[in-house]
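Below is one structure, written out as structure tokens; comments come after it.
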Amino acid sequence: MTDKNETISTEVSPAIQAEIIDFHSLGLAAPLLQAVADTGYTTPTPIQAQAIPLALTGVDLMAGAQTGTGKTAAFTLPILHKLLPLASASTSPAKHPVRALVLAPTRELAIQVEESVQTYAKNTDLRSLVVFGGVDIKKQLPPLKAGVEILVATPGRLLDHIEQKTIQLNQVQILVLDEADRMLDMGFMPDLKRILALLPKNRQTLMFSATFSKEIKKLSDEFLNKPTLIEVARSNATSENVQQKVYSTTQSDKQALLVELLKKEGDNQVIVFTKTKVTASRLSRALEREGIKADAIHGDKTQKERIAALDAFKEGNITALVATDVAARGLDITDLPMVINYEIPSAPEDYVHRIGRTGRAGASGIAISLVSEDEEKYFVEIEKLIKKTIPRETLVVSSQRKTKPAASNSASSRSSKPQRSYNKNRDPWFDQPYVPSKLNDSNTSQTKRVLAKNRKAPVAALLGGLNK
């Protein structure tokens, strides 16, 4: 790699785009085309049409694409095509070294990527595995010992395996940094530097990101060799298929407004985004009490709990999935009609990723944001990023939902409580407030003598008492 990389920007001309009418035009191997056909896809998405031919040539790529545009297949298919000549049916681990490494910021995204690898590699002898934290590392050892050509990993767990010498990376030919911007946001830069220092310098690096920032471009200068830049949409843009709405509200009315919106949606599934894990847990429980099938997914949940919640949502057993930004990156829900920003993210780029969960693969979607007065400053920054102003709307919450349980000291609560019957024969002296009596000196000394006379001798309970 050179110290200063020259980024080459490329666009697919309309004439070339017209020629790429199906996956057969991309030059992929027959086993991969069959696997693609089995999934029902016939026409590549714009990012696939641009990235796959370039990746097959071996150049480094810096690809910008919105979430839901098929970028996972854009790097998975060329990886499988290039490794296909090295596939082996041998049971010897030496025949299955790690040749491609995909790094992802979250467990959910890593799982999703490896599932795509399995889907497209089903007609080949190439092996794949996903490793991530939150589960027993020992369970990941048997398949590693057997050998895998394609490894999908989160940075932290990969370093755990490297320290235990259970993974060798000296034969890696292709590196993929998926959701690179999110890895930087989550503080993975030191881990990335440690991992990349162990990889062969003579390799192909593909970096995919939904947003581009100065930090991302600096990362490409450091880790990529004269990368070719491709973008299928304006940087940091939101999908035109997503209708964005903003409701101005107060913080105290947010929960009632959310319930109103979810009740209106009925059985339609919705992802609700929060900023913190505590809010996600509390909100999901509150929605359950309102009769809405809900669950939360965030970093404090075990991997088993997160997968169970995600599976329940995909199967339609949960209507509202409350998620934090860390967990949201790997969520890939087919035909998700709506996302709701219950809390506005302080990082504008997170807004782009959140609403990218809906309106995927050409489908339409709705993104609703509940903005309180103290969050208005965050949304102004979001509008600057996406270069779009979204009109503020108001939604009247029904008084029934807005009314809180009456306080215990309210007149209505006092009137609703059964009153005690008053005893007419009761001595009024007992209803008077306590007033301490004033003792004079003689009374005080007399009281002391009475107390001294009545004071009992100490008893040693453990020794059976004292002799008189």
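Points to keep in mind about this one:
- Scanning the range 62-95 for residues that are modelled with pLDDT of 90 or more, part of a helix (DSSP H, G or I) and closer than 30 Å to ARG354 by Cβ returns THR72, ALA73, ALA74, PHE75, THR76, LEU77, PRO78, ILE79.
- Residues located in the range 136-158, provided they are out of contact with any strand residue (DSSP E or B) (no Cβ under 9 Å at 6 or more places or on another chain) and under 21 Å from GLU179 (Cβ atoms): GLY156
- Wholly within the range 238-305, strands (runs of 3 or more DSSP E) carrying at least 1 residues that are under 30 Å from ASP136 (Cα atoms): 270-273, 294-297
- Selection status of VAL246, aliphatic (A, V, I, L, M) and closer than 24 Å to THR211 by Cβ: yes
- Enumeration of residues in the range 109-126 that are in contact with a strand residue (DSSP E or B) (Cβ under 9 Å, 6 or more places away or on another chain), charged (D, E, K, R) and either surrounded by fewer than 20 Cβ atoms within 10 Å (Cβ to Cβ) or modelled with pLDDT under 90 (or both): GLU115
- The range 96-185 holds strands (runs of 3 or more DSSP E) entirely within its bounds, and those carrying 1 or more residues that are touching a helix residue (DSSP H, G or I) at 6+ places or on another chain (Cβ under 8 Å) and not aliphatic (A, V, I, L, M) map to 128-131, 174-178.
- Scanning the range 207-220 for residues that are surrounded by fewer than 18 Cβ atoms within 10 Å (Cβ to Cβ) and at pLDDT 80 or above, we see that the one that is nearest to ILE355 (Cα to Cα) is LYS217.
- Test for ILE318: is it part of a strand (DSSP E or B), at pLDDT 90 or above and not basic (Lys, Arg): no
- Within the range 184-206, tally of residues that are under 26 Å from the mean Cα position of the chain (by Cα) and surrounded by fewer than 24 Cβ atoms within 10 Å (Cβ to Cβ): 14
- Note on the range 36-48: residues that are in a helix (DSSP H, G or I) and either among the β-branched types (Val, Ile, Thr) or buried (at least 21 other Cβ atoms within 10 Å of the Cβ) (or both) amount to 4.
The values are calculated or read from the model by the stated rules, or taken from the named source; none is laboratory data. For clarity, every value in this text was computed on a predicted model and none was experimentally measured. All Cβ positions, glycine included, derive from the backbone under ideal geometry; neighbour counts span all protein chains shown.
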